[in-house]
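Report on one structure; see the data block that follows.
The values are calculated or read from the model by the stated rules, or taken from the named source; none is laboratory data. Every value quoted in this text rests on a predicted model; they were computed, and no experiment measured them. Positions of Cβ are generated from backbone atoms using ideal geometry, with glycine treated the same way; all protein chains shown enter the neighbour counts. With ligands, DNA and RNA removed, areas are computed over all heavy atoms of the protein, side chains included. Shrake-Rupley method; radii C 1.70, N 1.55, O 1.52, S 1.80 Å.
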Amino acid sequence: MLFESLDKLKRNSIMSAILLIALGIIILICPENYIGSMTLMFGYTLVIIAIVMILNFFSGKKSLMEYLKFSGALILGIVGICVLVFRGDVLRVLAWLFGFLLILDGGRTMIHSFTYARRSRRKGWWVLTILSLLLVAAGVIIFANPWWDTPNMLMKVIGCAVMFSAIVSSIRLIWTWPLKNSEGENDDGKE
């Protein structure tokens with residue numbers, strides 16, 4: 001059971017790292033003139049993802065996890081619609097959104113550091129806990145938005161934070177994979 005969870009975590013970590021690196025690069029290289037177009041594209045993307053998740057809910061089996069995903073899809077759709085409707089204040093909304101996502105990613109990384117990384121018997125597993133705390137701190141700083149007022153500077157800060165999240169996601173993948181014991185068994189005692 002542990003390895004099924006770890007295999008799913010491995011796939012999710014690889015995909016999230018790739019997507020976050022691509023998103024971070026796009027945000028960093030985006031000129032200031034195209035920030036409005038990029039936020040519109042982001043809003044449409046959120047709405048489309050929410051619609052796909054809602055359709056998957058209606059066509060799939062109904063379990064507690066599916067109901068949670070459905071609730072997340074509704075929230076994602078509402079955020080996407082808010083981005084499309086309130087384009088003038090969208091940068092503030094994006095700062096809140098990315099700050100909140102970084103806080104969630106930091107919390108998830110912290111849970112994985114205690115659940116999987118500590119059990120993998122790797123030296124220095126606690127580094128993942130420190131990195132998760134840094135992710136939470138970056139999310140709080142972006143959420144509070146204390147120092148930057150220009151859209152270009154805010155996008156650069158968000159891009160750097162997203163790239164840092166991708167690096168932490170890659171490190172999480174390395175540190176959560178279990179090592180073989182000296183008897184040839186895995187961490188959960190199965191061959």
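Worth a mention:
- Test: residue in segment 9-27 that is among the basic types (Lys, Arg) and touching a residue at least 60 places away in the same chain (Cβ under 8 Å): yes
- Among the conditions (1) open to solvent by 80 Å² or more (accessible area, probe 1.4 Å); (2) touching a residue at least 12 places away in the same chain (Cβ under 8 Å); (3) more than 17 Å from the chain's Cα centre (by Cα), Val90 misses just one, which is (1).
- Close contacts from segment 124-153, counting a first residue that is farther than 14 Å from Ile167 by Cα and a second that is among the acidic types (Asp, Glu) and open to solvent by 40 Å² or more (accessible area, probe 1.4 Å), with Cβ to Cβ under 7 Å and a gap of 6+ residues or different chains, come to Pro151/Glu32; Asn152/Glu32.
- Subset of segment 117-138 that is of a type in the set (Val, Ile, Thr) and surrounded by 15 or more Cβ atoms within 10 Å (Cβ to Cβ) - its residue that is modelled with the highest pLDDT: Val136
- Residue match in segment 36-56 (condition: part of a loop (DSSP other than H, G, I, E, B), out of contact with any strand residue (DSSP E or B) (no Cβ under 9 Å at 6 or more places or on another chain) and not aromatic (Phe, Trp, Tyr)): no
- Between Ser59, Ser37, the distinction of being over 26 Å from Arg92 (Cα atoms) and among the hydroxyl-bearing types (Ser, Thr, Tyr) belongs to Ser59 only.
- Boolean, Phe114 is open to solvent by 10 Å² or more (accessible area, probe 1.4 Å), assigned to a helix (DSSP H, G or I) and free of Cβ contacts under 8 Å to residues at least 24 places away in the same chain: yes
- Scope segment 139-155; condition modelled with pLDDT of 85 or more and surrounded by fewer than 16 Cβ atoms within 10 Å (Cβ to Cβ); matching residues: Val140
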